[in-house]
Amino acid sequence: MVMVQNEKGVTLLEVLLSITILSIILLSITNFFPQMGMMNEHNRAKSQGVNEAKEVLVKWKASKEVREFLIDPTPINRPVEYKSEDNTYFYFNTSEQDFDIHIKIKKKSDLNSTPSKAHLVEIKLQKDHRTVSKTYGYISIDE
């Protein structure tokens with residue numbers, strides 16, 4: 001059996017230095033946790049917004065009221081969500097699940113063929129005046 005000849009041990013200064021270094025490392029690691037929580041919340045809101053935007057697009061594509069309005073855009077046929085219009089687009093506003101939804105439908109069809117026409121739809125979801133999600137699609141109108 002070999003005996004250890006050096007029995008000096010660890011000095012108080014070495015213990016304090018190692019505790020200080022470990023504390024600095026642990027404090028720098030713990031700063032990441034709040035940032036990760038904020039990023040997780042941001043990503044959760046973003047994916048919820050994307051799903052909600054797709055659901056709104058599907059709902060508007062299937063809406064008989066919107067189709068009739070695009071065929072005959074008179075004030076009588078306006079959906080309740082109608083806000084305004086310009087030379088190029090119809091604008092609509094609504095809200096669902098804490099989101100403000102802004103819908104823009106192109107007046108003129110992008111598809112110049114018969115028997116159907118396709119109107120571009122842009123759906124933008126905002127939460128606290130910040131854009132969370134934006135999606136595009138087409139509403140097909142059969143003539």
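A short reminder: the numbers here are calculations on the coordinates, not readings from a lab. It should be emphasised that the depicted structure is a prediction, and the values quoted were computed from it without experimental measurement. Note: ideal-geometry Cβ built from the backbone for every residue, glycine included; neighbour counts use all protein chains shown.
Here are the numbers for this structure:
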{"item": "Within a Gaussian network of the chain (alpha carbon springs, distance under 10 Å), most fluctuating of 13, 27, 125", "result": "13"}
{"item": "Length-normalised contact order for the chain - Cα pairs under 8 Å, 6+ apart - percent", "result": "19"}
{"item": "Spin-label model distance (nm) - residue 63 vs residue 51, 7 Å beyond Cα toward Cβ", "result": "2.2"}
{"item": "Highest-first arrangement of 55-63, 99-107, where packing means the average Cβ count within 10 Å", "result": "99-107, 55-63"}
{"item": "Cα-based helix-to-principal-axis angle, 32-62 vs the chain, degrees rounded to 10", "result": "20"}
{"item": "Candidates 20, 11, 94: whichever shows maximal mean-square fluctuation once the chain is modelled as a Gaussian network with Cα springs under 10 Å", "result": "11"}
{"item": "Peptides ranked, highest mean first, by Cβ atoms within 10 Å: ranges 42-53, 72-83", "result": "42-53, 72-83"}
{"item": "Calculated Rg/Rh (Cα atoms, Kirkwood Rh) (choose from [x] 1.52; [y] 1.01; [z] 1.17), label", "result": "[x]"}
{"item": "0 to 90° range, to nearest 10: angle between helix 12-30 axis and the chain longest Cα axis", "result": "10"}
